[in-house]
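Report on the structure given below.
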Amino acid sequence: MPVDQMTNIPSPAEIVEIKPISGDTALFRLRLMNEEAARDFTFVPGQFVQVSAPAAGEAPFSPLNPPGNDGALELCVRKVGHVTSQLHKARQGDVVGIRGPFGTGFPIAEMAGKDILLLAGGLGIVPLHSLLCHLLEQRDAYGSITLMYGAREPSALLLRDELRELACRRDMRLMLTVDFAAEESACEPSCNIGLLPDLLRGVPITADNCYAAVCGPPALYRCIIGELQGLGFSDRRILLSLERRMKCGLGRCAHCAVGQLLCCIDGPVFRYSDLKTIEGAL
Amino acid sequence: MAKDFLANESFQSFLEELTQFGAIHGPTLTEDGVPAFTTIASSSDLRLDYRRTLIPPKKYLFPPRTPLLNFAPGCGYSRPVVATGEIILFGLHPCDLAAISYLDRVFTQDRPDPLYRARRNALTLIGLSCEADEFCFCGEMGTDVPVNFDIYLEKVEGGFCLRQGSPRGKTISSGLSSLSEGPETAAPLQTRMAKVADRIRKAAERQETFPKSPLWDDFADRCLSCGACSLCCPTCYCLDIREYGDLDGRTAQRIQEWDNCLFKSHGEIAGGYNFRKTRQERFRYRFIHKYLGFGPLRGVVSCVGCGRCREVCPVKIDLQELFQQED
């Protein structure tokens, strides 16, 4: 496949399925239509693709699942802007464009043999879900796995069916929390009420042999890092997936700089040790 | 002896001879009296004594607004055909040559931009020596020694000394009958490193961002966020990408246009959260990009000392002042 395709020119992908998963978020299942592109398509959890909605433009998304070998990929799209609104108007069978994958994902090889703590806030569950699937696929290669996932309210918890399944697994620990819940709401699967740092405080974690992967809104990073450091996590083992306005994905348009680093090539997954001296990074 | 002298009286025929290699563009005055690079019909259009054009030559490499992709149902996205007739860009000062050299690094190295490369390959760069005024400091930045040219003209008594800087420059000049044998040797060019330049380099080397300088507040208070400094900067290349549907409701065009890091929208993400809400944050972003460098160009100072930003700023902001503070 010529480098120009998938890098500079979007490759067509058919929308195979659209499934609403919360009030403003839907799961899109896409399949690359070009055989060669489908065969070669692979990525590391944490990397992103640029999705084109014709006549609206392009936006970056981190896939929900690790790559299969069929050119299929799943995205969670929250309706927040121009491109995502257009995607929400699309129907099954419509064609969108895909460029990528771009950026640096999670250091999965380096994380092998270690305990893994995943901390997701809101839509931040998406890249971490991709990482979690990888960890569970290679379950023996990793130590203990804990996923803590926080959302605004019970109805904002994404991937509920899957969360129920994960909750039953014995080879990982799942903890959920919501900011607030009305008394009468049936909170299923069962979750705590409070913020992620509160959840973290209540659990014994041995930081020595552990990596923490965090993804969520900027406010989450600002309150969780101190907690992780307090538990003894070294700054280079705190992995953060940042959000910026990546336009080209190629390190050219200069929109996504974080200090002197570029989110689209040096990130979106960064170590806290690389970010801590950068003003405005979090 | 090499034919490397262009006498003033041969200048018109030199330009005429050059037209066989491409359309000639050079410094002229627009109807409004603004210095600009435009097409040249005759040598009388040229302003050989110009100081700087308002819009730098980057417009030839990535136009202010240019199609990036076309979309049509069934065909998907495809690249538009870029008209790249050969252009002889005449009269580039050393600072603008240095700027093009920097842009070449941005757009043709790690992940080359095919559109940039097509336009760049169609450009022949002819440099021209200049004299500094109160706004520029190319000598201080070490960019007064010309780089990246095909042909360079150094103004001397009675004409110009010509130098070739590339195989293309050699091919072109070898066929020119307007050149003659000139004086023995032209005076060698030397970099005039000044104190400020030295400070800029040292600051860049130690990744200095002057976090405590009171100047940041001062700049942010005065700045109008008009973006003129970055629009006129020969090395500013922030690009936005937009897509517009056509009236037929089926096809669409994706365009690329100049963006500006001083605009509030630059640091915004989906949902409206802004990583650079304040002018001060946007100024720091600009400073880091200009003097310390992003990503693969970390450590590369991209200011070439052309003086445009100092000249056009309506509120007289000069980032250079940061380097002039007492340590």
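The values are calculated or read from the model by the stated rules, or taken from the named source; none is laboratory data. All figures in this text were calculated on a predicted structure; none of them were measured in a lab. Cβ sites come from the backbone with ideal geometry, for glycine too, and all protein chains shown count toward neighbours.
Total residues in region A:222-263 satisfying the condition of being within 12 Å of chain B (Cβ to nearest Cβ), within 17 Å of the chain's Cα centre (by Cα) and closer than 24 Å to residue A:111 by Cα: the figure is 3. Of (1) away from chain B (no Cβ under 14 Å); (2) touching a Phe, Trp or Tyr at 6+ places or on another chain (Cβ under 8 Å); (3) surrounded by fewer than 23 Cβ atoms within 10 Å (Cβ to Cβ), residue A:269 satisfies all except one. Which? If we test residue A:269 against (1) away from chain B (no Cβ under 14 Å); (2) touching a Phe, Trp or Tyr at 6+ places or on another chain (Cβ under 8 Å); (3) surrounded by fewer than 23 Cβ atoms within 10 Å (Cβ to Cβ), just (3) comes out false. Which of the residues belonging to region B:17-73 are in a strand (DSSP E or B), touching a Leu at 6+ places or on another chain (Cβ under 9 Å) and over 30 Å from residue A:55 (Cβ atoms)? Hits for region B:17-73 are B:24, B:25, B:26, B:27, B:28, B:35, B:36, B:37. Annotation note: Cβ proximity below 6 Å between a residue of region A:198-215 that is in contact (Cβ under 8 Å) with a residue 24 or more places away in the chain and a residue that is surrounded by fewer than 13 Cβ atoms within 10 Å (Cβ to Cβ) and part of a helix (DSSP H, G or I) (sequence gap 6+ or interchain) occurs for no pair.
Quick grid of which residues meet (1) away from chain A (no Cβ under 14 Å); (2) at pLDDT 90 or above:
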| site | (1), (2) |
| --- | --- |
| B:151 | yes, yes |
| B:167 | yes, yes |
| B:172 | yes, yes |
| B:179 | yes, no |
| B:188 | yes, no |
| B:244 | no, yes |
| B:252 | no, yes |
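Taken together, A:179, A:274, A:235 contain a single residue that is surrounded by fewer than 20 Cβ atoms within 10 Å (Cβ to Cβ) and in contact (Cβ under 8 Å) with a residue 40 or more places away in the chain, which is A:235. Restricting to helices (runs of 4 or more DSSP H) lying wholly in region A:81-198: which have 3 or more residues that are within 30 Å of residue B:73 (Cα to Cα) and not assigned by the TED database to the domain that holds residue A:227? Output list reads A:82-89. When you scan region B:259-270, do you find a residue that is within 28 Å of residue B:105 (Cα to Cα), in contact (Cβ under 8 Å) with a residue 40 or more places away in the chain and not hydrophobic (A, V, I, L, M, F, W, C), even just one? The answer is no; no qualifying residue exists. Selection of region A:4-45 for residues being within 14 Å of chain B (Cβ to nearest Cβ) and assigned to a loop (DSSP other than H, G, I, E, B) yields A:8, A:10, A:24, A:33, A:34. Residues in region B:305-316: is at least one buried (at least 19 other Cβ atoms within 10 Å of the Cβ), in a loop (DSSP other than H, G, I, E, B), over 21 Å from the mean Cα position of the chain (by Cα) and not assigned by the TED database to the domain that holds residue B:131? No.
Residues of region A:79-109 that are of a type in the set (D, E, K, R), surrounded by fewer than 20 Cβ atoms within 10 Å (Cβ to Cβ) and in contact (Cβ under 8 Å) with a residue 24 or more places away in the chain: A:79, A:91, A:94.
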